[in-house]
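Trainee: The structure under discussion is supplied below as structure tokens; questions concerning it will follow.
The values are calculated or read from the model by the stated rules, or taken from the named source; none is laboratory data. The structure displayed is predicted, hence computed values, not measured ones. All Cβ positions, glycine included, derive from the backbone under ideal geometry; neighbour counts span all protein chains shown.
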Amino acid sequence: MTDVAVIGVQWGDEGKGKIVDWLSARADVVVRFQGGHNAGHTLVIDGKVYKLSLLPSGVVREGRLGVIGSGVVVDPWALLAEIARVEGEGVKVTAESLAIAENATLILPVHSELDAMRETSNSGVKIGTTKRGIGPAYEDRAGRRAIRAVDLLHTESLAAKVENLLVHHNALRRGHGAAEIDADALTEKIVEVAPKIAPFVKPVWKLLDEARRAGKRILFEGAQGVLLDVDHGTYPYVTSSNTVAGQAATGSGLGPRAVGYVLGIVKAYTTRVGEGPFPTELTDAIGEKLGQRGHEFGTVTGRKRRCGWFDAVLVRQSMKIAGVDGVALTKLDVLDGFDELKVCVGYEIDGARYDYLPAGRDAQSAVKPIYEAMEGWKGSTVGARSWADLPAEAVKYVRRVEELIERPVALVSTSPERDDVILMKDPFEN
Ligand code: IMP
């Protein structure tokens, strides 16, 4: 038995929710270790649909502990709204079922406002962010002026911290022609929310260490995907955290051996939301068809996702960078009924062939995909629970993907229903 980290291997939206849900049924503790309420995942438990953003999926299951680790940026107001929402759906969120790391950074209204100002400004790079304040909050953490969860337990010294933070933010706001923020008003707002968040704030590293020593099963729940990683993604069109599996250790406060098995979630085709390079993007009728059949609209912002063929070069690269042990292949059914499928097996940039995506922004936007064509299948893969249920061409597609990405497929998900999976290997049993 081992602890498992689940991460997205493309640009997010790979269908992590269903897999995390499936695994969390057998975990005692579920830990978020990066990102914030820019993430969105849908869980279906006993026929009931829950849409979570910041809350770890463990929270909606009785007797489990959900942990928000130090690597997460927490918007207290968004968190309270989400708690109120799930409580309205009959889930009780208590200090026994949710813990927030003392050293997690808070997202304040200044952060979401700055994020939105930058995204709507005519100058600078437009990233296509979720405008949730994720990037500005991480900037403040690195700039050592952030307000953290633990500060909500010591409100007497909050005013000085807020003033220090606003020296920086008000200078930026002047640059954007926005009104300055009043330190007293912001302090008051934080002091008001503090008692509602305080009961959840704990030394999470200690809780996790105790859980591990007690033999509890821990599931690390990643958000976004490797190609949005601030170091390894398609920079600058990335999110502001590390999304690779190594972050599960850093962002929770457990050592590098915390994770025994890394399950990478891979969609059978490719999608991206927001700006940035996308070598296999299809702006034609095929792209439209993939989007419609796959219901490719953002869970958080409702934006239409860009769609394209499976890019084996990028996935192979992400697997290696992120240390993925095995893959859960999702949404195979979206490819049902295509006469021909294409898979990207290499790139051409200025006449030269590449078997990886170089880091330069110019090179990334000049990439031309080299495709291998594969025969599609006529039958349906929806709801398949064994290899025998799949059309022969679908099996061929999965096997070819496996070969190209150089990692084994541990499971194939064949519908949004939790039990519609073909399981080759149980990630917890290692
Ligand atoms: P931010 O994380 O809001 O700063 O957005 C940075 C980039 O990451 C944008 O391209 C977003 O569309 C993308 N992004 C952030 N969160 C998600 C997610 O959960 N799924 C897919 N894309 C995301």
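Trainee: Applying the selection to the range 16-52, what residues are in contact with a Gly (Cβ under 9 Å, 6 or more places away or on another chain) and either of a type in the set (D, E, K, R) or on the phi > 0 side of the Ramachandran plot (or both)?
Mentor: If the condition is that a residue be in contact with a Gly (Cβ under 9 Å, 6 or more places away or on another chain) and either of a type in the set (D, E, K, R) or on the phi > 0 side of the Ramachandran plot (or both), then Lys16, Asp28, Arg32, Gly35, Lys48, Lys51 are the ones that fit.
Trainee: Would you mention how many residues in the range 361-385 are in contact with a strand residue (DSSP E or B) (Cβ under 8 Å, 6 or more places away or on another chain) and under 22 Å from Tyr237 (Cβ atoms)?
Mentor: Here the count works out to 5.
Trainee: Tell me which residues, restricted to the range 20-40, are in contact with a Ser or Thr (Cβ under 7 Å, 6 or more places away or on another chain) and more than 21 Å from Ala137 (Cα to Cα).
Mentor: Matches in the range 20-40: Val20, Asp21, Ser24, Val30.
Trainee: Still on this model: Any idea which residue in the range 1-16 is farthest from the ligand (Cβ to nearest atom), counting only those that are of a type outside the set (A, V, I, L, M, F, W, C) and buried (at least 24 other Cβ atoms within 10 Å of the Cβ)?
Mentor: The residue in question is Asp3.
Trainee: From the list Gly323, Gly291, Gly351, exactly one residue is at positive phi, surrounded by fewer than 23 Cβ atoms within 10 Å (Cβ to Cβ) and touching a strand residue (DSSP E or B) at 6+ places or on another chain (Cβ under 8 Å). Which is it?
Mentor: Gly323
Trainee: Okay, moving on. Which of (1) assigned to a strand (DSSP E or B); (2) of a type in the set (Val, Ile, Thr); (3) touching a Ser or Thr at 6+ places or on another chain (Cβ under 8 Å) does Thr301 not meet, given it meets every other one?
Mentor: (1)
Trainee: While we're here: Does the range 394-422 hold any residues that are more than 25 Å from Asp339 (Cβ to Cβ) and at pLDDT 90 or above, and which are they?
Mentor: Glu406, Arg407, Pro408, Ala410, Leu411, Val421
Trainee: Turning to a different aspect of this structure: For the range 82-178, give me every one of the helices (runs of 4 or more DSSP H) that falls completely inside it and has 2 or more residues that are within 16 Å of the ligand (Cβ to nearest atom), touching a Ser or Thr at 6+ places or on another chain (Cβ under 8 Å) and under 24 Å from Trp205 (Cα atoms).
Mentor: In the range 82-178, 134-142 are the helices (runs of 4 or more DSSP H) which contain 2 or more residues that are within 16 Å of the ligand (Cβ to nearest atom), touching a Ser or Thr at 6+ places or on another chain (Cβ under 8 Å) and under 24 Å from Trp205 (Cα atoms).
Trainee: In this structure, is Tyr261 at negative phi and within 16 Å of the ligand (Cβ to nearest atom)?
Mentor: Spelling it out, it is not the case that Tyr261 is at negative phi and within 16 Å of the ligand (Cβ to nearest atom).
Trainee: Taking the residues in the range 30-64 that are over 25 Å from Val244 (Cα atoms), assigned to a strand (DSSP E or B) and not β-branched (Val, Ile, Thr) as candidates, determine which candidate is nearest to the ligand (Cβ to nearest atom).
Mentor: Once the filter is applied, the top-ranked residue is Tyr50.
Trainee: Now, a different point. Tell me yes or no: at least one residue of the range 84-99 is under 24 Å from Asp229 (Cα atoms) and buried (at least 20 other Cβ atoms within 10 Å of the Cβ).
Mentor: no
Trainee: Okay, next question. Can you name every residue in the range 220-237 that is within 22 Å of Ala25 (Cα to Cα) and more than 9 Å from the ligand (Cβ to nearest atom)?
Mentor: Hits for the range 220-237 are Phe220, Glu221, Gly222.
Trainee: Between a first residue in the range 36-48 that is farther than 12 Å from Gly15 by Cα and a second residue that is within 8 Å of the ligand (Cβ to nearest atom) and basic (Lys, Arg), which pairs have beta carbons less than 6 Å apart while being 6 or more apart in sequence or on different chains?
Mentor: Hits for this filter: His37/Arg132; Asn38/Arg132.
Trainee: Another one. Looking at the structure I just gave you, is Gly246 touching a residue at least 24 places away in the same chain (Cβ under 8 Å) and out of contact with any Phe, Trp or Tyr (no Cβ under 8 Å at 6 or more places or on another chain)?
Mentor: Taking the combined requirement at face value, the residue satisfies it.
Okay, residues lined up against (1) touching an Asp or Glu at 6+ places or on another chain (Cβ under 9 Å); (2) more than 17 Å from Leu106 (Cα to Cα); (3) surrounded by fewer than 13 Cβ atoms within 10 Å (Cβ to Cβ); (4) aromatic (Phe, Trp, Tyr):
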residue: Arg148; (1), (2), (3), (4): yes, no, no, no
residue: Leu158; (1), (2), (3), (4): yes, no, no, no
residue: His169; (1), (2), (3), (4): yes, no, no, no
residue: Leu172; (1), (2), (3), (4): no, yes, no, no
residue: Ala178; (1), (2), (3), (4): yes, yes, no, no
